[in-house]
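Participant: Below you'll find the structure I mean.
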C-alpha cells in the first residue's frame, strides 16, 4: 500500500430504516445525501469531492448490514462539534459524550445515531 495517501477509501454505516437514518444525518451534519441502489443494496451517499482529502461513504441497508454500537468507529470531521451534538437528540440519536479535548490533535465527541451505531466527531481545534 502506498504510504502517501489516506488508507480508508470508502466507509459504510449499516441502517435498518433508510429514511430515518438519511434524515438523521442530513439534520445533524446539515448536508444532503443522495439515494442510490447498487446490486439490491439501498444506499444514501454522503457528499464527496474527488479532489478533497478524507474518505467518501454511505449509509447502507441490505442483507448482512447490521447496526452496532460495538463495531468499527467512524469519525466525521466538523468545525463545530458542539453544534452537531446539539442536533443529535432532536434528530433521534443520543449523545454519548460531549466535546473533549485530545491535546494537539483537537477535540472529539461521540453519539449513537438513529440506528444504534456509535459514531464520533473530530475537530482539529
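Taken together, the values in this text are just the output of simple stated rules run on the coordinates, not laboratory data. Just so we're clear, the structure is a prediction, and the values are computed from it rather than from any experiment.
Participant: For residue 98 and residue 20, calculate 0.36 nm times their separation in residues minus their Cα-Cα distance, and state this gained length in nm to one decimal.
Facilitator: Full extension of this stretch gives 25.8 nm more.
Participant: Classify the chain as rounded, prolate or oblate from the Cα gyration tensor: take a ≥ b ≥ c as the square roots of its eigenvalues, call it rounded if a/c is under 1.5, otherwise prolate when a/b beats b/c and oblate if not. Intermediate results must be reported in sequence, preceding the final value.
Facilitator: Working: a/c = 1.68, a/b = 1.15, b/c = 1.46.
In terms of gyration-tensor shape, oblate.
Participant: Taking only DSSP H segments of four or more residues, each worth -39500 (n - 2.57), what value at 222 nm results for the chain once the sum is divided by all its residues, to the nearest 500 deg cm²/dmol? Write out the running numbers ahead of the final one.
Facilitator: Numbers: 2 runs with 20 residues, N = 125.
That calculation yields -4500 deg cm²/dmol at 222 nm.
Participant: Considering only DSSP beta bridges whose two residues both sit in region 1-83, what percent are antiparallel, to the nearest 5?
Facilitator: On the way: 9 of 14 bridges.
Here the share of antiparallel DSSP bridges comes out near 65 percent.
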